[in-house]
Amino acid sequence: MKINPLSVVIIVVTAIIAIVLYITVWPWLMIFIGNFLLPSPSRPEVTYAEFPFRLEYEINGKRIVIKDTLICEYDGIGVDEGRGKYRKWKEHLASGNQNILLLKVNDTKEIYYYPGSAQYYMGDMNEGVTYTQSFPNARYFEKYADGSTRDGIIRADELLNKYNIKLISWDYTQPIKNNFSTTK
C-alpha cells in the first residue's frame, strides 16, 4: 500500500486547523452557549425613575450651582461573558448634557462629576456590591491623538491644587428600593 503525500499533507493541515479551532473557538462557543441557556433575570417592578440633584462647587473663587435630574430607564436584558445575562439600564441627564461638566481643560481633556450609575439608583446592585458617592472627588476624561481614551478619578486635593476647583455640596435623591421578584 502506497501512501499518497498529498493525503498526508491534507490530514496534517486538517489536524492543525482542528487543534487551533479547539483552542481558540471552542471555549468562546461554550461560553456563548452557556450564557444563552441561562435563565433571564426577572423584569424590575420599577423601570423608570428621575433623581433630581444639586451640585455646588467653586472654580477660581466663583461659586457655581448645577441643578439637573438623572433619568434612569430599564433597557432590557444584556449578555456578556463576565456576567452572563443581566438587567441593562441606561441613564441620561434631563438637561441633555452628556455629563456634569466642571471644566473643559482643553479640546482633549474634561473634568466632570459622576453622579452614579443607573444600577445604583434603581436598586439593582449585584449582591455584595456597594456604591459610595465620590464626593468631594471628581473624574476626568481624556482623548488622545491615536483615538484611545482614558478616564479616572481626580482626588479633591489634586482638583483644588491643579485645577482650582472645590466641590462644596452634593445633594441628590436617594436610590429607590426596587423589586425583582418573578412573582408579584
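Before moving on, here are some points about what is shown:
- Applying the criterion of being acidic (Asp, Glu) and open to solvent by 70 Å² or more (accessible area, probe 1.4 Å) to the residues of segment 34-74, the residue that is farthest from the chain's Cα centre (by Cα) is Glu45.
- Against the test of being of a type in the set (Lys, Arg) and more than 22 Å from Ile66 (Cα to Cα), the options Lys143, Lys104 yield a single qualifying residue, Lys143.
- Tally, over segment 111-136, of residues that are more than 30 Å from Ser42 (Cβ to Cβ) and either at pLDDT 95 or above or surrounded by fewer than 13 Cβ atoms within 10 Å (Cβ to Cβ) (or both): 3
- Residues being more than 17 Å from Trp170 (Cα to Cα) and open to solvent by 50 Å² or more (accessible area, probe 1.4 Å) - total across segment 87-102: 9
- So Tyr57, is it touching a strand residue (DSSP E or B) at 6+ places or on another chain (Cβ under 9 Å), of a type in the set (Phe, Trp, Tyr) and free of Cβ contacts under 8 Å to residues at least 60 places away in the same chain: no
- Selection from segment 148-163 of residues that are open to solvent by 60 Å² or more (accessible area, probe 1.4 Å) and more than 27 Å from Pro175 (Cα to Cα): Thr149, Arg150, Asp157, Glu158, Leu160, Asn161, Lys162
- All positions within segment 129-184 that are among the β-branched types (Val, Ile, Thr), in contact with a strand residue (DSSP E or B) (Cβ under 8 Å, 6 or more places away or on another chain) and without any contact (Cβ under 8 Å) to a residue 40 or more places away in the chain: Thr149, Ile153
- Checked against the criterion of being β-branched (Val, Ile, Thr), free of Cβ contacts under 8 Å to residues at least 40 places away in the same chain, loosely packed, with under 11 Cβ neighbours inside 10 Å and more than 21 Å from Asp151 (Cβ to Cβ), the candidates Ile16, Ile77 yield just one match: Ile16.
The values are calculated or read from the model by the stated rules, or taken from the named source; none is laboratory data. Predicted model only: the values in this text are computed from it and were never measured. So basically every Cβ, Gly included, is an ideal-geometry build from the backbone, and we count neighbours across all protein chains shown. Accessible surface is based on the protein model in full, side chains and every heavy atom, while ligands, DNA and RNA are left aside. Shrake-Rupley method; radii C 1.70, N 1.55, O 1.52, S 1.80 Å.
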